[in-house]
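Student: This is the structure I have questions about; it appears just below.
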Amino acid sequence: MTPQPKASHFINGEYVEDTKGTPIPVIYAATGEQIAVVHTATPEIVERALASAKEAQRTWASMTGTERGRILRRAADIMRERNHDLSVLETYDTGKPLQETLVADATSGADALEYFGGLAASLTGEHIPLGEDWVYTVREPLGLCVGIGAWNYPTQIACWKGAPALACGNSMVFKPSETTPLCALQVAEILHEAGLPAGVYNVVQGMGEVGSALVTDPRVNKVSLTGSVPTGKKVYAAAAEGMKHVTMELGGKSPLIVFEDADIDNAVGGAINGNFYSSGQVCSNGTRVFVHKDIKERFLARLAERVAGAVLGDPQDEAVNFGPMVSERQMEIVLGYIEKGKAEGARLICGGERVDRPGYFIAPTVFADVTDDMVIAREEIFGPVMSVLDFETEEEVIERANATEFGLSAGVFTRDFTRAHRVIGALEAGSCFINSYNDAPVEAPFGGVKASGVGRENSKEAIKHFSQVKSVYVRMGDVEAAF
C-alpha cells in the first residue's frame, strides 16, 4: 500500500486538496524517510469544513438513534474487515510495531464505533411526576464538535472522539496531529462509506493555527482535545471565551505501586506495559514505579531479564515488538531526559542511549534509585524511560504518589485485595488498575483529575459530555399568580 492519501482533507463526504496550504511532510519514524505529504488547511478549507458540519448536523440530529447507531455499527464492521491495511497505515503513521497496531488501534476504534452505535437508540429522557403536574427531560446533541487528536493513537483517538459525538447527533470537524495526519482520513472515509451523511464527520490538517481557528469559531459548541497539559491549558482558555463545552484528556506522571507481596512476574509485566508499550508514548503510563525495598533488587533483576527480550527492527515485521519514537524531535526530548537522569545520579539498569540504526529508536531504559525530586520523576517524558523508586510503608507511598500536579492513572500490585482497594481509594487519579496496567476497554471511563484533564472519554460517561439535557415543566391545572 502507499501511505500517500488521496488528498489532505476530507470535507462534506469527499477528499479535498488545497496546495496553497503549507506542506506537511510525513516522516516514517523507522527510517527517517518522507513517505507522504499533506497540506495545512487554509482559512478557506477551515471555513468549508465548519460550514459543512454545521449544515449536516441538522439532518443527522433529525434521524432516530436507531438509524444513527446502525451506521456507526456498519462502520465498525468495515473497519474490522480492513484491520490489516489500517494497521499497516498506522505503523507508517506512528512507527509503532505492526504486532501492536494489529490488535490495539483500528480494533479499538471499531470497538468505540460499535459500542456507541449500540447506545445511540437508548439516549432517552425521563418522566418526573409532580402530583398533577410533571416534568419530562430530553437529551439533545450539543451541535458542532471539534476534535483535536494526539500523535500516539491517531486511529483510536479519531474514533474515541467521533463515536460518542455522532451517537448523540452531533457533527464533528477533527484535526489530527500534524505528526500523524494519515489515519483519521481513513476513519472519515469509512464512516462515509457506511452511510454517514456528507459533512457530519470532517478531517482537516494543520498545526496550532488551524486548531485555534477551529476552537475559537463561534459555530463550535464543543471541543475535545487529547494532548499535553500546556496545550490543554491554552485550548481550555480559548474555549472558555466562547463558553464551549470541553473534554480535556491530557498528560500524566502516574504512579505504579508494587508491594512486597506482589507476584513479581505480573508486576514486572505491568511495569513493562505501563512504560514500554508504544515505545513509552502513552499518556497514562505508570512511569513512577514505586517498589517496596524488600523486593526491589529481585524486581529489577527480573525486569532487566525481560527488557532484554525486546525485539527492535522494522516495525512492519510482526516479530518486532518495540518501535521508534514518533519523530526526531520526540527522540531528542527523550534523550535529553535520559541525560538528566544520569546527571542527577539515578542508577542506570539498562538502555539509556539511542540505538545505532536508521530511524528514531531509543533502547528501553530503566533507572533505579530514583528520588522524588529528580526531573525524571517529576516531568512527563513520553518515551521508554522507567523510573524505579523505593518505599517502605503504605502511608509513605500514598503521600509520595499523590505529590504531583498530574492525576491521570495509578496502579497497585499486591495479593492483599483489602490493601489494594484501600490504596487505590486514596490515590488521586481518574483511571486506576489493580494487578494490571493500561487496560482501556471502551466500556470503562477514561480520563484524569487535577492537571491531567477534564471530563471522561468512553463508556456511558462520554455521552454526558457530548449531549445536554432539556427539562420541560408541564402544568395540568390553572396557573396561580400573585396578581
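Student: Only one of (1) over 25 Å from the mean Cα position of the chain (by Cα); (2) closer than 16 Å to GLU178 by Cα; (3) open to solvent by 10 Å² or more (accessible area, probe 1.4 Å) fails for ALA61. Which number is that?
Tutor: Here ALA61 clears every test but (2).
Student: Is it the case, given these coordinates, that GLU140 is touching a residue at least 12 places away in the same chain (Cβ under 8 Å), among the acidic types (Asp, Glu) and in a helix (DSSP H, G or I)?
Tutor: Details: touching a residue at least 12 places away in the same chain (Cβ under 8 Å): yes; among the acidic types (Asp, Glu): yes; in a helix (DSSP H, G or I): no.
Against the criterion (touching a residue at least 12 places away in the same chain (Cβ under 8 Å), among the acidic types (Asp, Glu) and in a helix (DSSP H, G or I)), GLU140 does not qualify.
Student: Can you name the strands (runs of 3 or more DSSP E) wholly within region 176-288 that have at least 1 residues being among the polar types (S, T, N, Q) and within 21 Å of the chain's Cα centre (by Cα)? Before the answer, list the steps.
Tutor: Working: elements: 201-203, 222-226, 245-249, 255-258.
Once the strands (runs of 3 or more DSSP E) in region 176-288 are filtered for at least 1 residues that are among the polar types (S, T, N, Q) and within 21 Å of the chain's Cα centre (by Cα), what remains is 201-203, 222-226, 245-249.
Student: May I ask you to verify whether SER278 is among the polar types (S, T, N, Q) and either crowded, with 24+ Cβ neighbours inside 10 Å or in contact with a Lys or Arg (Cβ under 6 Å, 6 or more places away or on another chain) (or both)? Break it down into steps so the answer makes sense when it comes.
Tutor: Numbers: among the polar types (S, T, N, Q): yes; either crowded, with 24+ Cβ neighbours inside 10 Å or in contact with a Lys or Arg (Cβ under 6 Å, 6 or more places away or on another chain) (or both): yes.
Here the answer is yes, as SER278 does meet what is asked.
Condition check ((1) of a type outside the set (Asp, Glu); (2) open to solvent by less than 10 Å² (accessible area, probe 1.4 Å)) across all residues:
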| residue | (1), (2) |
| --- | --- |
| ARG70 | yes, no |
| GLU81 | no, no |
| GLY95 | yes, yes |
| PHE116 | yes, yes |
| GLY125 | yes, no |
| CYS145 | yes, yes |
| TYR153 | yes, no |
| ALA158 | yes, yes |
| ASN170 | yes, yes |
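Student: Then there is this: Of the residues ILE362, ILE424, ILE376, which is open to solvent by 10 Å² or more (accessible area, probe 1.4 Å) and among the hydrophobic types (A, V, I, L, M, F, W, C)? Full working, then the answer.
Tutor: On the way: ILE362 fails: open to solvent by 10 Å² or more (accessible area, probe 1.4 Å); ILE376 fails: open to solvent by 10 Å² or more (accessible area, probe 1.4 Å).
Within the list ILE362, ILE424, ILE376, the selection yields ILE424.
Student: Could you please find all residues in region 384-398 being open to solvent by 20 Å² or more (accessible area, probe 1.4 Å) and either hydrophobic (A, V, I, L, M, F, W, C) or touching a residue at least 12 places away in the same chain (Cβ under 8 Å) (or both)?
Tutor: Initial filter on region 384-398 (open to solvent by 20 Å² or more (accessible area, probe 1.4 Å)): 390, 392-396, 398.
Selection gives ASP390, GLU392, GLU394, ILE398.
Student: Hey, another quick one. Find the residue count for region 397-417, including only residues that are under 14 Å from GLY252 (Cβ atoms), in contact with a helix residue (DSSP H, G or I) (Cβ under 6 Å, 6 or more places away or on another chain) and aliphatic (A, V, I, L, M).
Tutor: Looking only at that region, the number is 1.
Student: Across region 313-330, what is the number of residues that are surrounded by fewer than 21 Cβ atoms within 10 Å (Cβ to Cβ) and within 17 Å of MET386 (Cβ to Cβ)? Working first, answer last.
Tutor: Step one: filter region 313-330 for residues surrounded by fewer than 21 Cβ atoms within 10 Å (Cβ to Cβ), giving 313-314, 316-321, 327-329.
Remaining after also requiring within 17 Å of MET386 (Cβ to Cβ): 321.
Count: 1.
Student: Among ILE11, ILE35, ILE27, which is the only one that is open to solvent by 50 Å² or more (accessible area, probe 1.4 Å), of a type in the set (A, V, I, L, M) and on the phi < 0 side of the Ramachandran plot? Give the derivation first.
Tutor: Details: ILE11 fails: open to solvent by 50 Å² or more (accessible area, probe 1.4 Å); ILE35 fails: open to solvent by 50 Å² or more (accessible area, probe 1.4 Å).
Answer to the selection: ILE27.
Student: Out of all the residues in region 331-354, which are free of Cβ contacts under 8 Å to residues at least 40 places away in the same chain, under 16 Å from ASP369 (Cα atoms) and open to solvent by 30 Å² or more (accessible area, probe 1.4 Å)?
Tutor: GLU339, LYS340, LYS342, ALA343, GLU344, GLY345, ARG347, LEU348
Student: If you don't mind, there's one more thing I want to ask. What do you reckon, is ALA53 touching a Phe, Trp or Tyr at 6+ places or on another chain (Cβ under 9 Å) and without any contact (Cβ under 8 Å) to a residue 60 or more places away in the chain?
Tutor: Working: touching a Phe, Trp or Tyr at 6+ places or on another chain (Cβ under 9 Å): yes; without any contact (Cβ under 8 Å) to a residue 60 or more places away in the chain: no.
Judged against the criteria, ALA53 is not a match.
Student: Against the condition modelled with pLDDT of 95 or more, over 28 Å from GLY109 (Cβ atoms), open to solvent by 30 Å² or more (accessible area, probe 1.4 Å) and of a type in the set (Phe, Trp, Tyr), how does PHE413 come out, does it pass? Walk me through it before giving the result.
Tutor: Numbers: modelled with pLDDT of 95 or more: yes; over 28 Å from GLY109 (Cβ atoms): yes; open to solvent by 30 Å² or more (accessible area, probe 1.4 Å): no; of a type in the set (Phe, Trp, Tyr): yes.
Against the criterion (modelled with pLDDT of 95 or more, over 28 Å from GLY109 (Cβ atoms), open to solvent by 30 Å² or more (accessible area, probe 1.4 Å) and of a type in the set (Phe, Trp, Tyr)), PHE413 does not qualify.
Student: So, one more: State whether one or more residues within region 356-368 are under 21 Å from PRO230 (Cβ atoms), at pLDDT 95 or above and out of contact with any helix residue (DSSP H, G or I) (no Cβ under 7 Å at 6 or more places or on another chain). Before you say what the answer is, go through the steps one by one.
Tutor: Applying the first criterion (under 21 Å from PRO230 (Cβ atoms)) to region 356-368 yields none.
Within region 356-368, none of the residues are under 21 Å from PRO230 (Cβ atoms), at pLDDT 95 or above and out of contact with any helix residue (DSSP H, G or I) (no Cβ under 7 Å at 6 or more places or on another chain).
Student: When the residues of region 399-410 are narrowed to those that are touching a Lys or Arg at 6+ places or on another chain (Cβ under 8 Å) and open to solvent by less than 10 Å² (accessible area, probe 1.4 Å), which ends up nearest to VAL289 (Cα to Cα)? Even if it seems obvious, please write down each step before you answer.
Tutor: Filtering region 399-410 for residues touching a Lys or Arg at 6+ places or on another chain (Cβ under 8 Å) gives 401, 404-407.
With the extra rule that they be open to solvent by less than 10 Å² (accessible area, probe 1.4 Å), the set shrinks to 401, 407.
Working: ALA401: 10, GLY407: 15 Å.
Step by step, filter region 399-410, then rank; the result is ALA401.
Student: Contact list please: Cβ distance under 7 Å, first residue in region 457-483 and exposed (fewer than 11 other Cβ atoms within 10 Å of the Cβ), second residue assigned to a loop (DSSP other than H, G, I, E, B), pairs at least six apart or on different chains.
Tutor: Every condition considered, the pairs that remain are MET476/GLU132; GLY477/GLU132.
Student: Ok, one more. Among the residues of region 442-483, which ones are closer than 23 Å to VAL246 by Cβ and β-branched (Val, Ile, Thr)?
Tutor: Answer for region 442-483, where residues must be closer than 23 Å to VAL246 by Cβ and β-branched (Val, Ile, Thr): VAL442, VAL449, VAL454, ILE463, VAL469.
Student: While we're on this one: Check region 361-379 and report whether any residue there is of a type outside the set (Asp, Glu) and free of Cβ contacts under 8 Å to residues at least 12 places away in the same chain.
Tutor: Just the residues of region 361-379 that are of a type outside the set (Asp, Glu), to begin with: 361-368, 370-371, 374-378.
Now drop any that are not free of Cβ contacts under 8 Å to residues at least 12 places away in the same chain, which leaves none.
No, because not a single residue in region 361-379 is of a type outside the set (Asp, Glu) and free of Cβ contacts under 8 Å to residues at least 12 places away in the same chain.
Student: In addition: Answer with yes or no whether THR247 is closer than 23 Å to GLY453 by Cβ, crowded, with 19+ Cβ neighbours inside 10 Å, touching an Asp or Glu at 6+ places or on another chain (Cβ under 9 Å) and among the hydroxyl-bearing types (Ser, Thr, Tyr).
Tutor: Numbers: closer than 23 Å to GLY453 by Cβ: yes; crowded, with 19+ Cβ neighbours inside 10 Å: yes; touching an Asp or Glu at 6+ places or on another chain (Cβ under 9 Å): yes; among the hydroxyl-bearing types (Ser, Thr, Tyr): yes.
Yes; evaluated as a whole, the condition is true for this residue.
Student: Under 8 Å between Cβ atoms, at least 6 apart or on separate chains: pull out the pairs that start in region 412-435 with a residue that is among the acidic types (Asp, Glu) and end on any residue that is open to solvent by 10 Å² or more (accessible area, probe 1.4 Å).
Tutor: ASP416/ASP261; GLU428/ASN402; GLU428/VAL449; GLU428/LYS450
Student: Right, next: Can you list the helices (runs of 4 or more DSSP H) found entirely within region 379-483 that contain at least 1 residues being closer than 30 Å to ILE148 by Cα?
Tutor: Numbers: elements: 394-402, 417-426, 459-465.
Once the helices (runs of 4 or more DSSP H) in region 379-483 are filtered for at least 1 residues that are closer than 30 Å to ILE148 by Cα, what remains is 394-402, 459-465.
The values are calculated or read from the model by the stated rules, or taken from the named source; none is laboratory data. All values reported here derive from a predicted model rather than from experimental measurement. No Cβ is skipped: glycine too gets one built from the backbone with ideal geometry, and neighbour counts run over all protein chains shown. Keep in mind that these areas ignore ligands, DNA and RNA; they rest on the heavy atoms of the full protein, side chains included. Shrake-Rupley method; radii C 1.70, N 1.55, O 1.52, S 1.80 Å.
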